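A short worksheet on the structure shown next.
The values are calculated or read from the model by the stated rules, or taken from the named source; none is laboratory data. All of these numbers come straight from a predicted model, not from anything done at the bench. Because the Cβ atoms are built from the backbone with ideal geometry, glycine has one as well, and the counts that use them run over all protein chains shown. In case anyone asks, the SASA skips ligands and DNA or RNA and just uses the protein heavy atoms, side chains included. Shrake-Rupley method; radii C 1.70, N 1.55, O 1.52, S 1.80 Å.
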Amino acid sequence: MDAALLAVAPASPSLAAAPPSGRPARPPAETLTEAAAVELALRNSVGARRVLAGLDVAAAEAAGLARPADPGVEGEYLPGEAGESRVGLEVPLTELLVTPARARFARAAVDAHQLDATSELARLGLEVRYAYHAVQAAAALRDLAAQSLEAYRAADAAATALFEAGNLSGVELARHRTASLLAEEALTRRALQLAAARADLAALAGLDPAADAWGVSPDLVEAPAGAASVDRPDAASDGPSLREQAAGMRLEMASRGVTLARVDAWVPELHVGPIAAWDAVERRWSVGAAATLELPIFGARAAGVRVASANSGLAELGVEDAGLEGRSAVARATAALALTAAAADRCSRETVPSARRLRDEVQLQYNAMQVGIFDLLAALQLELEAQARCVEWSRDYADALADSDALARGVTPRFRAAMSPSGATVPQQTHGAH
């Protein structure tokens, strides 16, 4: 199941062995990397163990289908003066003849379940990457919210001083006091989002969410310079996706199921075997052969052929649907990767530097006493908003990159970046008295 390790691009550090079932994994001593988080999830999480347990169940069920019915023993005793006893062995000959076909059907079922398990494990790795990026972004946004709160508190302190000097109205003071309180609430919300993101990552990776010993790397993924440098993620188009392979295997299962249903409906059940009878009068055994033949006159089992044929038709539609989904996913991932890379690159190279230059210009004007403290704080707040926008776009780009990696390994992602794009509104500047 190498495809399941889709998220481990760099070499993973060696980690402690998986803990007993039901216990959280011991958190790593150092910073938890993205690759290590995926490795922990694939080894320790309940979801991964559930997938592997389901595969064992499917293999056991398939092994049962590949075995013929057991032979039966029949005995009779007729009391009386000419008492007679009979004993016979019945072997299901028809079952023995169709056993190879049932074995091939069972093998196709196991292969389909293996592909499903590989796909589920790969999706788990992708969800861990989503959760890891969420923790990174939440931590960065929490830090920016803390800086914003400091700016609003400074504005509140300045407003209080101006109000006490008689240079600011009570309305302006109340406005800045309210803005400071709202900034404090915003920091609390960011802290809650970080706690929720850590809990989600801990649940996926099998970590203890209450432990503070583990953390994530603060470095967000950097987008390449310009969308033109982003390679098109069309590696998945070179071969069928895992879902397409599983759908093809189920179509093979359905085709073999039609054959087995026809055999079951029209080939009579034949049981053969030896039989021995004890003659109490002559006191001797008589040995012969017996056969039991079922006549399919009424065709009671013919309905199974229709059911199997309908299932085969559904399997063909499943193959077609998987192919369409794969081609659509490649096009969607191509657009998401290029657009998020361009947005993240533009934000870091243009938006943030532009906001920083604005803040520097306002700082110079403030030093020359041309503008007031509130204009300087508004420029600083605008810079923090631009940095927050870059954090969100960097997370979207990291998720789009994970989606591209998943497609290259045959897994259709859920496109978190495309569903939850960065969409912060343009902040309103606050102007106060000089």
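Summary table
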item: Residue in the stretch 164-174 that is outside any helix (DSSP H, G or I), open to solvent by 70 Å² or more (accessible area, probe 1.4 Å) and under 30 Å from residue 131 (Cβ atoms) present; result: no
item: Single residue of the stretch 346-377 satisfying the filter (in a helix (DSSP H, G or I) and aliphatic (A, V, I, L, M)) that is nearest to residue 148 (Cα to Cα); result: 377
item: Meets criteria (assigned to a helix (DSSP H, G or I), out of contact with any Ser or Thr (no Cβ under 6 Å at 6 or more places or on another chain) and open to solvent by 70 Å² or more (accessible area, probe 1.4 Å)) for residue 198; result: no
item: Conditions (1) closer than 30 Å to residue 401 by Cα; (2) out of contact with any Leu (no Cβ under 9 Å at 6 or more places or on another chain); (3) surrounded by 19 or more Cβ atoms within 10 Å (Cβ to Cβ): number failed by residue 249; result: (2)
item: Failed item in (1) open to solvent by less than 40 Å² (accessible area, probe 1.4 Å); (2) modelled with pLDDT of 70 or more; (3) of a type in the set (A, V, I, L, M, F, W, C); (4) in contact with a helix residue (DSSP H, G or I) (Cβ under 9 Å, 6 or more places away or on another chain), with residue 236 passing the rest; result: (2)
item: Any hit, the stretch 118-132, residues being crowded, with 18+ Cβ neighbours inside 10 Å, part of a helix (DSSP H, G or I) and either modelled with pLDDT under 80 or of a type in the set (Asp, Glu) (or both); result: yes
item: Which listed residue is at pLDDT 90 or above, of a type in the set (A, V, I, L, M), over 25 Å from residue 404 (Cα atoms) and over 26 Å from the mean Cα position of the chain (by Cα), from 149, 168; result: 149
item: Residues of the stretch 201-221 satisfying the condition of being at pLDDT 80 or above and open to solvent by 50 Å² or more (accessible area, probe 1.4 Å); result: 203, 218, 219
item: Yes/no for residue 176 being under 29 Å from the mean Cα position of the chain (by Cα) and touching a residue at least 24 places away in the same chain (Cβ under 8 Å); result: no
item: Set 335, 406, 402, 341: member being over 30 Å from residue 249 (Cα atoms), open to solvent by less than 20 Å² (accessible area, probe 1.4 Å) and not basic (Lys, Arg); result: 341
item: Hits in the stretch 256-270 - residues which are among the hydrophobic types (A, V, I, L, M, F, W, C) and touching a strand residue (DSSP E or B) at 6+ places or on another chain (Cβ under 6 Å); result: 270
item: Condition check for residue 329: buried (at least 19 other Cβ atoms within 10 Å of the Cβ) and part of a helix (DSSP H, G or I); result: yes
item: Selection from the stretch 252-302 of residues that are open to solvent by less than 70 Å² (accessible area, probe 1.4 Å), free of Cβ contacts under 8 Å to residues at least 24 places away in the same chain and not hydroxyl-bearing (Ser, Thr, Tyr); result: 288
